[in-house]
Amino acid sequence: MGYQRGSIVAAFGNKRILVTGGAGFIGSHLCEQLLAEGHEVLCVDNFFTGWRQNIHHLTDHANFELLRHDITIPLSVEVDQIYNLACPASPIHYQRDPVQTTKTSVLGAINVLGLANRLHAPVLQASTSEVYGDPAVHPQTESYWGNVNAIGPRACYDEGKRCAETLFFDYHRQYQLAIKVVRIFNTYGPRMHPEDGRVVSNFIMQALKNEPITIYGSGLQTRSFCYVDDLVRGLIGMMKTSPDITGPVNLGNPHEFTMLGLAEMVIRLTGSASQIVHKPLPCDDPRQRKPDISMAAALLNWSPTIELKAGLVRTIDYFENLLHNGLHKPHATKAA
Ligand SMILES: NC(=O)c1ccc[n+]([C@@H]2O[C@H](COP(=O)([O-])OP(=O)(O)OC[C@H]3O[C@@H](n4cnc5c(N)ncnc54)[C@H](O)[C@@H]3O)[C@@H](O)[C@H]2O)c1
């Protein structure tokens, strides 16, 4: 029946925790923090966008284990908690193999939920602000149902994540499974993929190479950016809530910056000679995204603490090192 070894570990307050997508940007920081808190971590990743280098420093840790596996295929392991982060997260990567993206969200959720259900283990879903699509209300509260184009190029991700949320709540209603759904807004920090086409990594890489900084549209559209350490604290805080807390809960930084303001800050912090150039907006690009985080504040006593400037300095350091050491990541490959 129950998982004996896990129970023994749990008796000492520490748990055996599965992190899918653990070799990715956010996943690697989560693995690191869970290990620092004394837990055992099983990192599962198919390296679609993840990178061994992200977890290289953890591989010798006695409590860390890595399993190369695609979560679209069922997985049988014995753990006490599950964080489901596996999914390419940036448009360049999730549109590269859109069918695989939907499969990862939907089949991945079914497999992870089936596992959690067998183990009676709480399971956290890394959902996304993309479930709000191009939102008609600002800021976005969890009660807003969203405005998503079901057939557009972003739908493989947006609708995949929406379906995953449906599955989480149906497992909760049907099997009383303890679920935690968090909707993550733009997050940045070290170990972001340097070629993921997202605004923070794009601007920093362009600035460090003194290349023109590309702004799509006027640059007056706003985004909010949450530093990865703040986000990871929110994920772990959510997992620690009582079983009746399911979410969805928004996690993100409500402080808005225009793209133009961000580009100027990156140019200043890198001392770059880059000029700003404008290109047309991509299809279905949301004009504004800003989380309402009052639920996270009330339930988790959570709010972001790291200012954009401080987070950017650490992220710039990371990208500078990458460029300096010639550690350029390969493009994401098609999953097997
Ligand atoms: N970074 C953000 O701003 C952001 C915003 C909203 C939601 N999220 C969510 O957070 C999670 C982590 O995002 P990230 O930014 O770290 O992205 P990432 O691409 O760096 O990490 C995703 C990881 O999942 C792995 N993966 C992908 N498909 C898989 C599969 N089928 N089986 C096993 N592993 C698989 C990848 O190899 C990678 O290591 C994702 O679920 C994403 O949707 C991220």
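Scanning segment 69-124 for residues that are closer than 30 Å to Pro282 by Cα, touching a strand residue (DSSP E or B) at 6+ places or on another chain (Cβ under 8 Å) and open to solvent by 30 Å² or more (accessible area, probe 1.4 Å) gives a single hit, Ala89. The numbered conditions (1) within 13 Å of the ligand (Cβ to nearest atom); (2) closer than 17 Å to Leu312 by Cα are all true for Arg183 except (2). Residues that are closer than 30 Å to Leu35 by Cβ, in contact (Cβ under 8 Å) with a residue 40 or more places away in the chain and crowded, with 19+ Cβ neighbours inside 10 Å do occur in segment 149-160, at least one of them. When segment 37-52 is filtered for residues that are open to solvent by 20 Å² or more (accessible area, probe 1.4 Å) and either modelled with pLDDT under 90 or closer than 14 Å to Val77 by Cα (or both), only Glu40 remains.
Which is within 22 Å of the chain's Cα centre (by Cα) and more than 24 Å from Gly234 (Cα to Cα), of Gly219, Gly197, Gly108? Of Gly219, Gly197, Gly108, the one residue that is within 22 Å of the chain's Cα centre (by Cα) and more than 24 Å from Gly234 (Cα to Cα) is Gly197. In segment 173-184, is there at least one residue being more than 27 Å from His29 (Cα to Cα), of a type outside the set (Asp, Glu) and touching a Leu at 6+ places or on another chain (Cβ under 9 Å)? Within segment 173-184 (the criterion being more than 27 Å from His29 (Cα to Cα), of a type outside the set (Asp, Glu) and touching a Leu at 6+ places or on another chain (Cβ under 9 Å)), the answer is yes, since at least one residue qualifies.
Among the criteria (1) among the aliphatic types (A, V, I, L, M); (2) over 30 Å from Tyr171 (Cα atoms); (3) open to solvent by 20 Å² or more (accessible area, probe 1.4 Å), the one Ile215 does not fulfil is (3). Hey, any hits in segment 24-36 for a residue that's open to solvent by 40 Å² or more (accessible area, probe 1.4 Å), modelled with pLDDT of 95 or more and of a type in the set (A, V, I, L, M)? Looking for residues that are open to solvent by 40 Å² or more (accessible area, probe 1.4 Å), modelled with pLDDT of 95 or more and of a type in the set (A, V, I, L, M), one finds at least one in segment 24-36, hence yes.
Going residue by residue through segment 87-107, is there one that turns out to be among the small types (Gly, Ala, Ser) and farther than 22 Å from Gly146 by Cα?
No, the conditions are met nowhere in segment 87-107.
Considered as a group, the residues in segment 186-204 that are open to solvent by 10 Å² or more (accessible area, probe 1.4 Å), more than 11 Å from the ligand (Cβ to nearest atom) and modelled with pLDDT of 90 or more include one that is farthest from Gly146 (Cα to Cα), and that residue is Pro190.
Against the test of being at pLDDT 95 or above, open to solvent by 70 Å² or more (accessible area, probe 1.4 Å) and not in a strand (DSSP E or B), the options Thr305, Thr333 yield a single qualifying residue, Thr305.
Just the residues that are among the small types (Gly, Ala, Ser) and either within 14 Å of the ligand (Cβ to nearest atom) or at pLDDT 95 or above (or both), please, taken from segment 1-23.
Gly21, Gly22, Ala23, listed by residue number.
The values are calculated or read from the model by the stated rules, or taken from the named source; none is laboratory data. Note that the structure is a prediction, hence the values are computed from the model and not measured. Cβ: placed from backbone, ideal geometry, glycine included. Neighbour counts: every protein chain shown. Side chains are part of the model used for accessible areas, which takes the heavy atoms of the whole protein and leaves out ligands, DNA and RNA. Shrake-Rupley method; radii C 1.70, N 1.55, O 1.52, S 1.80 Å.
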